[in-house]
Amino acid sequence: MPSLVLAGFVTFEGIDGSGKTTVSRLAAERLRSQGHAVYLTSEPTAGWLGEAVRRGIEEDVGAVAEALLFLADRAAHIPDIQSHLAKDELVLCDRYADSTYAYQGARLAGIVRDPLRFLQRASEDWVLLPDLTVLLKVPPDVAIARIKDRPDRMRFEDVTLLTKVAANYDRLAKSRRFVIVDANRSVDHAVDDAVSAIERRLPTRPGA
């Protein structure tokens, strides 16, 4: 184990096809190989609330109900994240609150006023803020080309919607907790940049 180990909460965000799942997994593997205690998680979760989210998407329960399902799944997920942070672990999460703000914000356009702020206000009193958010940026048309052969594509994976989602991410990324990674390159380059950002921005503690 290194003399100093990383601790904190890092989220990976970006439109479908940006490589979030692959980059977060490879970043976790690399950081573990360096001796850091890493817990990798994702949203929607694997629990029954996460399954309700997936079912709600499949059955198209509507934009408002869909957004609330995501919030409920997150509320149940946070204690699990906190339990690992309490052990001074590095928690990496593939999709988190900003994904809801970006995606459901696009879905709620025309239904509520300022959808991003509506969703942020709905959870601001209880949501756990990440120490760092890695935003993987890729043009929507490139993202669609990457995922066009997925056997289980969802209705979110549409270039028109992804363009709106990308614009929402750009708005969210004005926050200083974001680091933007160019994902329109090889996976190895994206992982290098993500790990570098984590090492640069997160606190450390003495190793055991």
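Taken together, the values in this text are just the output of simple stated rules run on the coordinates, not laboratory data. This structure is a prediction, so every number in the text was calculated from the model and none was measured. Note that each Cβ is placed from the backbone with ideal geometry, even for glycine, and that neighbours are counted across all protein chains shown.
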Practice task
Only Lys, Arg, Asp and Glu count, each charged at its Cβ (+1, +1, -1, -1), so figure out the dipole size of segment 4-203 about its Cα centre, rounded to 20 debye.
Solution key: 400
Completion exercise
In the list (1) 47, 37, 27; (2) 57, 31, 28; (3) 52, 36, 32, the entry giving Cα extents along the principal axes in Å computed from the coordinates is (3)
Problem - Candidate aspartates and glutamates - alpha carbon under 13 Å from Lys148, same-chain residues fewer than 8 apart omitted - result: Asp16, Glu157, Asp158
Completion exercise
The lysines whose Cα lies under 29 Å from the Cα of Lys87, excluding any fewer than 8 residues away in the same chain, are Lys20
Practice task
Determine which lysines satisfy two conditions relative to Lys164: a Cα distance under 17 Å, and not lying fewer than 8 residues away in the same chain.
Solution key: Lys137, Lys174
Completion exercise
segment 88-106 and segment 163-189 have their Cα centres apart by a whole-number Å value of 12
Completion exercise
For Leu132, the residues 5 or more places away or on another chain with a placed amide H closer than 5 Å to its own amide H are Phe9, Thr11
Exercise for the section: Per DSSP H run of n ≥ 4, the term is -39500 (n - 2.57); total these for the chain, divide by its residue number, and report the mean residue ellipticity at 222 nm rounded to 500 deg cm²/dmol. Expected result: -16000 deg cm²/dmol
Practice task
Please sort by residue number the trypsin sites (Lys or Arg not before Pro) in segment 1-90 whose DSSP state is loop and whose Cβ has at most 13 other Cβ atoms within 10 Å.
Solution key: Lys87
